[in-house]
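Each remark here refers to the structure printed beneath this line.
Every read-out reported here was derived from the displayed coordinates using simple, explicitly stated rules and does not represent laboratory data. None of the values given here were measured: they were computed from a predicted structure. Cβ sites come from the backbone with ideal geometry, for glycine too, and all protein chains shown count toward neighbours.
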Amino acid sequence: MERISIAPGAQITVLPAEKFNRCRISINFIWPASREWATAEALLPLVLERGYRDCPDMTELSKRLARLYGASLSVDGTMSGQSRVLTVTVSGIKDKFALAGEPLSMEYAGLAFGVAFRPYLVDGVLDAEAVGIEREQLRELLESEINEKRGYCIRQARRKFYGDSPAGIERNGYLDEVDGLTAGNVTDAYDRMLRTARIEVSVLGADVEAARTCLSAALEGVRREPCGLPGPIVMPVTDTRCFDEPLPTVQGKLCMLFTCGTPFAVSELSALRVAVAALGGLPTSRLFQNVREKQSLCYYCVASYTSLTGALCVDSGVEHEKAVLARDSILRELDALREGGLARAELDDAKRALKNQLAAVGDTLQGLENWYFAEWMRGTEKTPAQVADEIDAVTADDVRRVLSRFSLSVCYTLTRGADADG
């Protein structure tokens, strides 16, 4: 891996990708999340993906990608801890496979930086027609949130867990604000992002000089005031708060969110990986084997951990009448591991599975990029191999110690409404 500084707050990361026949260039804008700007910022990726100044028509954009041997373009937005991230990605075959020797890396870079830095404007603002179309798409997305009950339950639990914290700002914005969005609002959000965001460009298998040239050119004349990014956040320990939401569903949903109260050190992340895998991250985990298989208290039961917010999440699909039993059983399994009840075979299974996952990181360009971007957001630059070595060194006592730090903060249950079937 190589890091190249282009300007204050603008870096290029070059990742090895020799074994692939495709390459990838991604431009990541990262800036502190703001409740005030959340809905306009959520609309930005949808509008930017429709085209840019040199190619404002979606049909023509599709034709251009097709002429580049079927290259692909995506613009995505997400939340990462207390930061918002907008990513423009172009991927396609490597230069050496071009039939006529075309400089594909420069074409890809030109397209990606065009979308990111030269949006299609009409009278100085983003195209009002495009904003109107994508505003309706965003509305439909927000209105349909409740249709996927598992994700809805997790989001409802998160809303209670994070409250007004920046980590709880909605990735997709807020439904009651969608109607008020204008082309001017969204343009202001874009200008704010361009001015304040850290810019992280990832280059995998493409000519880095193409990315360097395009980034340098893109920054010329741009007024930049890049912000420092907020660090990890951890919600305080509180009394457990339980919420039941009645919905006409056949299968109930349960989400439990735990906080550690104070941040874990970066050196403890490998122990956390093993602990979460042993608790509920694998088919051999305690929650799967005991709560699901032996006690038949749920359809699924999965544990996950978010390092930038210090949150341990256990979510489960349950029969309505067994929701309380499932919750209590989950807590018993967690307590058993806290008391040092992790068998050697369980520890070995967790380590083996995690090392297999780490070995697969380099199997895809996206996997490689996601790994190193997550490492950068945490302030580390560890390779998968280095983390695999750390996992090998984790002991049962390490697992007990890190799990002992967690306290149940929020328990959210979707219960059967009056009109449910069966």
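Net charge of the neighbourhood of C298, taken over other residues with C-beta under 15 Å away and scored Lys/Arg +1, Asp/Glu -1, is +3. In the chain, Cα pairs under 8 Å separated by at least six residues give a relative contact order of 21 percent. Greater than 22 Å separation of Cα atoms is the criterion. Which listed pairs, K19/K351; K63/K94; K19/K96; K94/K382; K149/K351; K149/K322, meet it? Long pairs (Cα-Cα over 22 Å): K19/K351; K94/K382; K149/K351.
Using the number of other C-beta atoms within 10 angstrom as an exposure proxy, rank C153, C242, C260, C301 with the fewest first.
Details: C153 24, C242 13, C260 21, C301 27.
In order of increasing Cβ crowding within 10 Å: C242, C260, C153, C301.
Taking every DSSP helix (H) stretch of at least 4 residues in the chain, weighting each as -39,500 (n - 2.57) and dividing the sum by the residue count yields a mean residue ellipticity at 222 nm of -12000 deg cm²/dmol. Counting Lys and Arg as +1 and Asp and Glu as -1 over every other residue whose Cβ lies under 12 Å from the Cβ of P8, the net charge comes to +1.
Residues in segment 176-184 carry Karplus couplings, in order, of 6, 9, 5, 4, x, 6, 10, 4, x Hz; the curve used is 6.51 cos²θ - 1.76 cosθ + 1.60 with θ = phi - 60°, and Gly or Pro positions show x.
Can you give the longest run of the chain that contains no trypsin sites (Lys or Arg not before Pro) sitting in a DSSP loop with at most 10 other Cβ atoms inside 10 Å?
On the way: sites that count: K19, R223.
Result for the longest clean stretch: 20-222.
Counting every pair of alpha carbons in segment 241-416, the share spaced more than 31 Å apart comes to 18 percent.
Here the residues T364, T249, T39, ranked from fewest to most Cβ neighbours within 10 Å of their Cβ, fall in the order T364, T249, T39. Just N370, N28, N147 to compare: in a GNM of the chain, with alpha carbon springs under 10 Å, which one fluctuates most? Residue with maximal mean-square fluctuation among N370, N28, N147: N147. Shown here for segment 32-104: GluC sites (Glu not before Pro) in loop regions (DSSP other than H, G, I, E, B) with at most 14 other Cβ atoms within 10 Å, namely E36. For the chain, the convex hull spanned by the alpha carbon atoms encloses 156 Å³ per residue. Let me check against my output: what whole-number percent is the relative contact order of segment 2-219, with C-alpha pairs under 8 Å and at least 6 apart? Reported as a whole number, the value is 39 percent.
Compute the helix-to-body angle for 208-219: its Cα long axis versus the longest principal axis of the chain, expressed 0 to 90° and rounded to tens. For helix 208-219, the angle is close to 80 degrees. Residues of segment 64-98 with an amide N closer than 11 Å to a point placed 7 Å from the Cα of L141 along the Cα-to-Cβ direction: 75-79. Build a GNM of the chain with springs between Cα atoms under 10 Å apart, and of S62, S316, S80 the one that fluctuates most is S62.
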